[in-house]
Number of protein chains: 2
Amino acid sequence: MKSRLFVASADIERETGFGRDQLRKWRQRFQFPPLEFTAEGKPGYSVNTVNRLRLVRRLLDGGFRPGYVVGKTLEELEKLHVAVSLSVPRVCDDESTSELIEQLKKADSAGFLKLLVKKRAKKTLLQFSRSVVAPLLKGLGDAWARGDVEIHHEHFCSFCIERYFHAQILRLKPKRGAPKILMALPPGEHHFLGLLMIEAVLAEQGAMTVSLGSDIPLNELKLAATSHNVDAVALSFSAAYPARDILPTLKHLRRLLPRRIPIWAGGATLAGIKNRPTGVSLFPELDGVVAALNDMVDQMSVR
Amino acid sequence: MKSRLFVASADIERETGFGRDQLRKWRQRFQFPPLEFTAEGKPGYSVNTVNRLRLVRRLLDGGFRPGYVVGKTLEELEKLHVAVSLSVPRVCDDESTSELIEQLKKADSAGFLKLLVKKRAKKTLLQFSRSVVAPLLKGLGDAWARGDVEIHHEHFCSFCIERYFHAQILRLKPKRGAPKILMALPPGEHHFLGLLMIEAVLAEQGAMTVSLGSDIPLNELKLAATSHNVDAVALSFSAAYPARDILPTLKHLRRLLPRRIPIWAGGATLAGIKNRPTGVSLFPELDGVVAALNDMVDQMSVR
DNA sequence: CGCGCTAATTTGTCACGGACAATTTTTGTA
DNA sequence: TACAAAAATTGTCCGTGACAAATTAGCGCG
């Protein structure tokens, strides 16, 4: 029996992060991925193909070149992958993290949330994000790479944390006269958690935050920024966001926004970017955002 | 002088919502949008073109066909648009709704949230959803069609309500022995609010809900359903979801899930669907979900 | 052996047009 | 008028060629 068909052609980008054009070129150059069809004749990709593509993604991220890995069989890819993943030892020996992951694997949703709240303890949201959430996400990513957890575990985990942050942000009251920050995800980005963490630490410092969520065209972002009369616009780029799109997006937004409104961009991937446009600040770490906010408050009080 | 701002080819989808393939076909068939190049020779779209495309988007949403509107000049499009927007009746009859919309237009984010909470008053989440949220969203849609509000107003509104619901759900405690429901958006669907409303009324009835958010492949949904050992899977289809994809998606999921797990689908668009697959329940109204939950509770207590 | 510089190769993005299926409109007929 | 068949409209996907950007390899020189 053939492997079950599962991903429609249109969904392949969401599933693997590779664009259709890219995959088409690979098919022409490396004879992979093949064209496949469901029993009803619709084009699509088999589970096997999708898995191979996911492994290719991992290996490309690990530094391999497409010509070397695309076209290899699942076995070859896996061999390569274990070789690589073994060479990167599990540094996430954080006991706290593995405890949370265990709870997730047991599918104990209530228990996970309770444990999460307990880990929060007396921490600020900033401390909580750095010492609990970030390691947990990293540990989950590694666990997924090892095959220890499934994708839905990651989704569920993110969702729980997002909800918790939503609730926490809602109960924070902005200080009088504090800056007003517009929060949004860049177009095409759907990973909320990063943005929520930024919003949480900003709100915790007393800033007034206004969030638009995802799927905002950049020109709408500009309209919102002026109509809300905000003091800054904050974006968040996840690791899944195509690195080559980051600078163009930022430059584009920079052109649209009036110069007096600074752009703050968060996300660990920004660490690798050297030359930022003027008027755009990059914050690979959460602390940077807090510092930027405090700078802004100082500026405002000086006047 | 030529218009100066250019949108890169790759960004056009985010800006207008039209895909590259689609625009290419339009260029081939209607000689619009033209291929343009920046001073440096990069391909892109001029502001004028982007504006025309945005108007086309509005008119298509209003029921026109591409062959009729694509290729018209900006002036012709605007004339058409005012003609149409005048015909959209100002059915903001509900005073409560227009009050909220006014608050949104003033970009008074804190005031909007406060007003929202006030409207909640002593209502249950179900009553709140039906009497406040749903009319508000409908009113906003109409206002957008008339050009009274911008897209970012809608986004901001949805986001505020979503956050409120998140917080409310988090404070609800499930009853002992109540059914466990897995909540998720179908692949490609990104409108959370509908799903959140369903989750809210379920949680309000004492059900235990487990939400995975969006972008879950259907097979992962199945894995999650079995590993969490849920009693039902609930999905939500927004009006933006392509109607022709609804039944295939539901059938696909039905094949994946064990028969004992019912599928509940919510969303106003489901009202138009006549023949549902067995084992799938369609709920165009929120009440239906509550009824289904109560039925399930009865079933369980009988045993 | 390291360091820069240039050439060659690899890789990704875009445009184009053909094929095709889904949908809507028009036409023909009872 | 009603309803079925035919025609058109429309969007999505595919393969291919062109091209620019990124990467690697080659090479001379200190």
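The values are calculated or read from the model by the stated rules, or taken from the named source; none is laboratory data. None of the values given here were measured: they were computed from a predicted structure. Because the Cβ atoms are built from the backbone with ideal geometry, glycine has one as well, and the counts that use them run over all protein chains shown. Accessible surface is based on the protein model in full, side chains and every heavy atom, while ligands, DNA and RNA are left aside. Shrake-Rupley method; radii C 1.70, N 1.55, O 1.52, S 1.80 Å.
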Open item on the list: Please go through (1) away from DNA strand C (no atom under 12 Å from the Cβ); (2) in a loop (DSSP other than H, G, I, E, B) for B:Arg54 and return the number of the only condition it doesn't satisfy.
Closed with: (2)
TODO: Give just the number: which of (1) within 14 Å of the chain's Cα centre (by Cα); (2) open to solvent by less than 10 Å² (accessible area, probe 1.4 Å) does B:Ala207 not satisfy?
DONE: (1)
Open item on the list: Conditions first: (1) within 12 Å of chain A (Cβ to nearest Cβ); (2) out of contact with any strand residue (DSSP E or B) (no Cβ under 8 Å at 6 or more places or on another chain); (3) not in a helix (DSSP H, G or I). B:Pro174 passes all but one, so which condition is the exception?
Closed with: (2)
TODO: Consider A:Leu212 carefully, then state whether it is open to solvent by 30 Å² or more (accessible area, probe 1.4 Å) and within 11 Å of chain B (Cβ to nearest Cβ).
DONE: no
Open item on the list: Just the residues that are in a helix (DSSP H, G or I), under 21 Å from B:Phe156 (Cβ atoms) and either more than 9 Å from chain B (Cβ to nearest Cβ) or open to solvent by 20 Å² or more (accessible area, probe 1.4 Å) (or both), please, taken from the range A:226-253.
Closed with: A:Thr226, A:Ser227, A:Leu253
TODO: Give the range A:149-196 a look and list any residue that's surrounded by 23 or more Cβ atoms within 10 Å (Cβ to Cβ), among the β-branched types (Val, Ile, Thr) and closer than 26 Å to A:Glu220 by Cα, or say none.
DONE: A:Ile181
TODO: Could you grab the pairs with beta carbons closer than 6 Å, sequence gap of 6+ or different chains, first residue in the range A:61-78 and more than 12 Å from A:Pro33 (Cα to Cα), second one within 8 Å of DNA strand C (Cβ to nearest atom) and hydrophobic (A, V, I, L, M, F, W, C)?
DONE: none
Task: Unique residue being free of Cβ contacts under 8 Å to residues at least 12 places away in the same chain and under 28 Å from A:Leu55 (Cα atoms) when the list is A:Gly194, A:Gly147, A:Gly141, A:Gly188 - done: A:Gly147
- [ ] Return a yes/no flag: does the range A:67-74 have any residue that is surrounded by 19 or more Cβ atoms within 10 Å (Cβ to Cβ), within 16 Å of DNA strand D (Cβ to nearest atom) and either outside any helix (DSSP H, G or I) or within 13 Å of chain B (Cβ to nearest Cβ) (or both).
- [x] yes
- [ ] Residue by residue through the range A:104-146, note down the ones that are assigned to a helix (DSSP H, G or I), open to solvent by 60 Å² or more (accessible area, probe 1.4 Å) and within 14 Å of chain B (Cβ to nearest Cβ).
- [x] A:Lys105, A:Lys114, A:Val117, A:Trp144
Open item on the list: Just to be sure before I move on: is A:Lys79 crowded, with 16+ Cβ neighbours inside 10 Å, more than 10 Å from DNA strand D (Cβ to nearest atom), charged (D, E, K, R) and at pLDDT 80 or above in the structure I sent?
Closed with: no
- [ ] Tell me which residues, restricted to the range A:147-171, are acidic (Asp, Glu) and facing another protein chain (nearest Cβ under 9 Å).
- [x] A:Glu150, A:Glu162
- [ ] Would you confirm whether any residue within the range A:260-268 is open to solvent by 40 Å² or more (accessible area, probe 1.4 Å) and within 22 Å of the chain's Cα centre (by Cα)?
- [x] yes
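Conditions (1) at negative phi; (2) touching a helix residue (DSSP H, G or I) at 6+ places or on another chain (Cβ under 9 Å); (3) within 16 Å of DNA strand C (Cβ to nearest atom); (4) outside any helix (DSSP H, G or I), marked per residue:
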{"site": "A:Ala200", "(1), (2), (3), (4)": "yes, yes, no, no"}
{"site": "A:Ile216", "(1), (2), (3), (4)": "yes, yes, no, yes"}
{"site": "A:Leu223", "(1), (2), (3), (4)": "yes, yes, no, no"}
{"site": "A:Trp264", "(1), (2), (3), (4)": "yes, yes, no, yes"}
{"site": "A:Gly288", "(1), (2), (3), (4)": "yes, no, no, no"}
- [ ] Name the single residue, out of those in the range B:18-51 being in a loop (DSSP other than H, G, I, E, B) and open to solvent by 70 Å² or more (accessible area, probe 1.4 Å), that is farthest from DNA strand C (Cβ to nearest atom).
- [x] B:Ala39
TODO: Take the range A:7-41 and flag every residue that is aromatic (Phe, Trp, Tyr) and within 10 Å of DNA strand D (Cβ to nearest atom).
DONE: A:Trp26, A:Phe37
Open item on the list: Could you check the range A:180-196 and list, in sequence order, the residues that are part of a loop (DSSP other than H, G, I, E, B) and either farther than 16 Å from B:Glu13 by Cβ or more than 9 Å from chain B (Cβ to nearest Cβ) (or both)?
Closed with: A:Leu185, A:Glu189, A:His191
